[in-house]
Amino acid sequence: MKIQLLEIGPETEQLSACTLSLLLGVHTPANQIDGFMKFARQMLQVEHAILTFRNEPYIWYSSHETFKAFHSNPNAQLGAFFQGQQLIEPKHPQYANFVQHIASLGIEAERLIALDLLKTDGESIGQLLLFDHHHEEFSLGAVPTVAEFAAGLVRYIELKVDYVGLKELYEQQSALNFSKTKFFQIIAHDLRAPFHGLLGFSEVLAQERETLDDSSIQNIADYLFDTAQSTYNLLESLLNWAMAEGGRFVYHPINFELKQSTKIVCDVLRSLAIKKNIELIDQVDEGIKVYADINMITSVIQNLVSNALKFTSTDGTGKVILSVQATETSVDIYIRDTGLGMT
């Protein structure tokens, strides 16, 4: 059995799974793995070096001529041979077994030193093998320097992992803060319009009660109740949506009838339309289904209708019309008004 070396890039399609190796820039000109292995080889005057990180699909090979990768072998289990020691050298009780084991994996060595890469808590993250086909003994005086340098590399990796973790937490918190700000902006926009209607009709009841007959009072009461109920339902949906995701905006598509969204919007904004003497017309047919996030769709439609009401004539001729046009691949939603439009 012989290991098959791979070019880094075109032949290492699983490189994205090499978390620690990527942190050390294995695919970049600033390849710290290659630099570390070169240093170790030069210190021990050895021709070949192999570095493996636990649970990564590739192992790294370094020699005077090249730096390449080869596929990891799930049967390697190199860490088991160290038996609590950081170094395997000729005096180690498992040295002969270790040399025989790596030979079965395709790595032939006449002389060899192996280092277990241990984190601060004693957990192993991989191994470094230094070997060649010479019979002379290693200059063991250089081994402590290589071991110390390897320990420094592991500390550096730990710091890099911590930094990446903290950076991800920071980015997640920043995204969460942005989502919360956006959520409150939507709440403010979506609730401001129906409250105009609630306040307007409440003002009529408070200041013009004596001029209203029982029928008018009942009509206003009905509008106030319907609008308050619809606004509450909208607020509850938005809050549940945000709370379920910890304040983040997450897209949850479902199949639903588009009429559900347009009815909520029309119920919420109808009192405002009446106050402004604008006819709000929902022409969306029942039975038209879409696959989308119902809360997002409802919020978008309400924003569009609210803006349409804002810029439509209040002389009694103004209309805001909601309609849809279904095709084989999509559903187009139209919000039309009789305002001046954009000029």
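Of the residues making up the range 255-271, those that are more than 11 Å from I288 (Cα to Cα) and either surrounded by fewer than 24 Cβ atoms within 10 Å (Cβ to Cβ) or among the aliphatic types (A, V, I, L, M) (or both) number 8. Selection of the range 284-304 for residues being hydrophobic (A, V, I, L, M, F, W, C) and out of contact with any Leu (no Cβ under 8 Å at 6 or more places or on another chain) yields A292, I294, M296, V300, L304. Pairs linking a residue in the range 166-188 that is closer than 16 Å to N295 by Cβ to a residue that is part of a helix (DSSP H, G or I) and modelled with pLDDT under 70, with Cβ atoms under 6 Å and 6 or more positions apart or on different chains, are F183/A242.
Does T312 satisfy the condition of being within 13 Å of D337 (Cβ to Cβ) and either at pLDDT 90 or above or crowded, with 16+ Cβ neighbours inside 10 Å (or both)? If you could, list the steps in order and put the result at the bottom.
On the way: within 13 Å of D337 (Cβ to Cβ): yes; either at pLDDT 90 or above or crowded, with 16+ Cβ neighbours inside 10 Å (or both): yes.
In short, yes.
Any residue that is under 25 Å from S202 (Cα atoms) and out of contact with any His (no Cβ under 7 Å at 6 or more places or on another chain) - is there at least one of those in the range 321-343? No, there is no match, as no residue in the range 321-343 is under 25 Å from S202 (Cα atoms) and out of contact with any His (no Cβ under 7 Å at 6 or more places or on another chain).
Could you tell me whether any residue of the range 33-51 is within 32 Å of the chain's Cα centre (by Cα) and part of a helix (DSSP H, G or I)?
Of the residues in the range 33-51, the ones within 32 Å of the chain's Cα centre (by Cα) are 33-34, 51.
With part of a helix (DSSP H, G or I) added as a condition, the list becomes 33-34.
So far as the range 33-51 goes, yes, one or more of its residues are within 32 Å of the chain's Cα centre (by Cα) and part of a helix (DSSP H, G or I).
Residue check: H92 meets all listed conditions (1) crowded, with 20+ Cβ neighbours inside 10 Å; (2) assigned to a loop (DSSP other than H, G, I, E, B) but one, namely (1). Quick check on the range 147-157. Is at least one of its residues outside any helix (DSSP H, G or I) and surrounded by 14 or more Cβ atoms within 10 Å (Cβ to Cβ)? No, the range 147-157 contains no residue that is outside any helix (DSSP H, G or I) and surrounded by 14 or more Cβ atoms within 10 Å (Cβ to Cβ). There is no residue in the range 21-30 that is closer than 23 Å to G79 by Cβ, touching a Lys or Arg at 6+ places or on another chain (Cβ under 8 Å) and part of a strand (DSSP E or B). Criterion first (closer than 24 Å to C18 by Cβ, loosely packed, with under 13 Cβ neighbours inside 10 Å and either outside the structural domain of Q45 (by TED's automatic domain parsing) or β-branched (V, I, T) (or both)) does L166 satisfy it? Judged against the criteria, L166 is a match.
Please report, ordered by residue number, the strands (runs of 3 or more DSSP E) entirely within the range 270-343 with at least 2 residues that are assigned by TED's automatic domain parsing to the domain that holds T231 and closer than 16 Å to E257 by Cβ. Spell out how you get there, then give the answer.
Details: elements: 279-282, 289-292, 319-326, 331-337.
By residue number, 289-292, 319-326, 331-337.
Yes or no: A103 surrounded by 12 or more Cβ atoms within 10 Å (Cβ to Cβ) and either among the polar types (S, T, N, Q) or outside any helix (DSSP H, G or I) (or both)? Here the answer is no, as A103 does not meet what is asked. For the range 120-146, filtering for residues that are within 19 Å of Y95 (Cα to Cα) and part of a strand (DSSP E or B) leaves 8. Scanning the range 48-78 for residues that are touching a residue at least 12 places away in the same chain (Cβ under 8 Å), exposed (fewer than 15 other Cβ atoms within 10 Å of the Cβ) and either among the β-branched types (V, I, T) or within 26 Å of E137 (Cβ to Cβ) (or both) turns up H64, T66.
Listed by first and then second residue, the pairs with beta-carbon distance under 6 Å, at least 6 apart or on different chains, first residue in the range 271-290 and over 18 Å from D222 (Cβ atoms), second loosely packed, with under 15 Cβ neighbours inside 10 Å, are K276/T314; N277/T314; N277/G316; I288/A326; K289/N255.
The values are calculated or read from the model by the stated rules, or taken from the named source; none is laboratory data. Keep in mind it's a predicted model, so treat the numbers as computed, not measured. A quick note on method: Cβ atoms are made from the backbone with ideal geometry, for glycine too, and the neighbour counts reach across all protein chains shown.
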